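Derivation of every value follows stated rules applied to the coordinates shown; laboratory data play no part. The structure displayed is predicted, hence computed values, not measured ones. Here Cβ is always computed from backbone atoms with ideal geometry, including for glycine, and neighbour counts include all displayed protein chains.
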Amino acid sequence: EDKVVQSPLSLVVHEGDTVTLNCSYEVTNFRSLLWYKQEKKAPTFLFMLTSSGIEKKSGRLSSILDKKELFSILNITATQTGDSAIYLCAVPFMDSNYQLIWGAGTKLIIKP
Amino acid sequence: GAVVSQHPSWVICKSGTSVKIECRSLDFQATTMFWYRQFPKQSLMLMATSNEGSKATYEQGVEKDKFLINHASLTLSTLTVTSAHPEDSSFYICSAQGSTYEQYFGPGTRLTVT
């Protein structure tokens, strides 16, 4: 059965800390992995990863994919209270419509 | 790039009326759009997959006669909640699929049925 598993489910850190969020997957015909940030409204697209070992970076956020070990990590350095959100990992399922298989999300809380 | 809009962002309607929600991809064409529903503190629940020019594919348990989906162009999909009831009150989110299968989400529409 195809699945995406995120850990931890919840994380509380202080402002300025660095956090690492994990996403492992078992998906047939894997092609890409997506990271989203969800605050009060709909998810905001962060990264799409397709190749192993190539880091994608946007400001204080970075992500990397390991296709051999079937996981990805999302790093956030120098965290700020505005980083508090649910971070979702998803993998397109290679059926005719490429629906997303979602992880349960990591709820990140940054304390001032 | 890759902006998806939804309209309206919030709607309140009376029980028994129908409500239409629009989802537009503003700067790209989307053959496939998805409609999700989200209850408070719960994850996104896929309702249906909408392909331009063809009938939508509904997930198990989603009433296709109640949630009418039309995807008449490559930039517009609509979800109509027919004969809405208070239990239909929820946060409805659409997404549009990019060229490499990533999904870009609209900001969502909060529906309140009184």
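Dipole size of chain A about its Cα centre, with +1 on Lys/Arg Cβ and -1 on Asp/Glu Cβ: approximately 280 debye, rounded to the nearest 20. 3J(HN,Hα) couplings calculated from phi for the range B:40-55 with the Karplus curve 6.51 cos²θ - 1.76 cosθ + 1.60 (θ = phi - 60°) are, in sequence order, x, 6, 10, 7, 5, 10, 5, 9, 7, 10, 10, 10, 4, x, 9, 6 Hz; Gly and Pro show x. Overall, the ratio between the Cα radius of gyration of the range B:46-104 and 2.2 N^0.38 Å, rounded to two decimals, is 1.17. With the convex hull drawn around the C-alpha atoms of chain B, the volume per residue stands at 95 Å³.
Normalised by the number of residues in chain B, the mean separation of alpha-carbon contacts (under 8 Å, six or more apart) gives a relative contact order of 37 percent. Seen from A:Gly16, the other residues with C-beta closer than 13 Å to its C-beta sum to a net charge of -1, counting Lys and Arg as +1 and Asp and Glu as -1. Note: relative contact order over the range A:1-111, using C-alpha pairs below 8 Å and six or more positions apart, is 37 percent.
The Cβ shell under 11 Å around B:Cys94 holds other residues with a net charge of +1, Lys and Arg each +1, Asp and Glu each -1. Computed over the alpha-carbon pairs of chain A, the distance histogram in 5 Å steps reads 2, 13, 24, 25, 19, 10, 5, 2, 0, 0 percent, short to long. Each principal axis of the Cα cloud of the protein assembly as shown was taken in turn, and the coordinate range along them, longest first, works out to 50, 40, 34 Å. The Cβ shell under 13 Å around B:Lys41 holds other residues with a net charge of +2, Lys and Arg each +1, Asp and Glu each -1.
Fewest-first ordering of B:Phe105, A:Phe45 by other beta carbons within 10 Å of each residue's beta carbon gives A:Phe45, B:Phe105. Counting only cysteine Cβ atoms and a cutoff under 4.7 Å, the protein assembly as shown contains unmatched residues B:Cys13. With the convex hull of the Cα atoms taken as the outline of the range B:16-61, the averaged projected area works out to 5.0 nm².
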